1. Could you grab the pairs with beta carbons closer than 8 Å, sequence gap of 6+ or different chains, first residue in the range 63-92 and at positive phi, second one part of a strand (DSSP E or B) and crowded, with 16+ Cβ neighbours inside 10 Å?
2. Inside the range 30-63, can you point out the residues that are under 15 Å from residue 96 (Cβ atoms) and either surrounded by fewer than 15 Cβ atoms within 10 Å (Cβ to Cβ) or at pLDDT below 95 (or both)?
3. Hey, among 71, 97, 121, which residue is within 20 Å of residue 7 (Cβ to Cβ) and over 11 Å from the mean Cα position of the chain (by Cα)?
4. Inside the range 10-19, can you point out the residues that are loosely packed, with under 13 Cβ neighbours inside 10 Å and part of a loop (DSSP other than H, G, I, E, B)?
């Protein structure tokens, strides 16, 4: 069975990965167990994924702990970050796209360096954390 995830913004984009009994693949599945969460991150690193379209990040995301490989561009499109998302102190060496994203909790970009193009389009930040000062 193929993953039933489909893009909300592009009708011809869908996932072709194999799904489990939930109907979703490891990348698009909600409510992953601990083993699946580990496999999810391991597969991103092993396959050097740069297109994260529709991925569901249920745990705290720290780009410095996950993306330590070369890429031409990173696509964070139609993603749900359900916990903190940390992009601080990361040097983006390729183009990066943040499109149609919802950040459920805090997101950090302190001292991030963008060496190429960076696009923010239809990014939603949780109002609860806007203008919150970090000490």
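The values are calculated or read from the model by the stated rules, or taken from the named source; none is laboratory data. Computed from a predicted structure; not experimentally measured. Because the Cβ atoms are built from the backbone with ideal geometry, glycine has one as well, and the counts that use them run over all protein chains shown.
1. Once the first residue is at positive phi and sits in the range 63-92, its partners that are part of a strand (DSSP E or B) and crowded, with 16+ Cβ neighbours inside 10 Å give 78/99; 78/100; 78/101.
2. 51
3. Working: 71 fails: within 20 Å of residue 7 (Cβ to Cβ); 97 fails: over 11 Å from the mean Cα position of the chain (by Cα).
The match here is 121.
4. Taking the range 10-19 as the starting set, the residues that turn out to be loosely packed, with under 13 Cβ neighbours inside 10 Å are 10-12, 16, 18.
Correct list: 10, 11, 12, 16.
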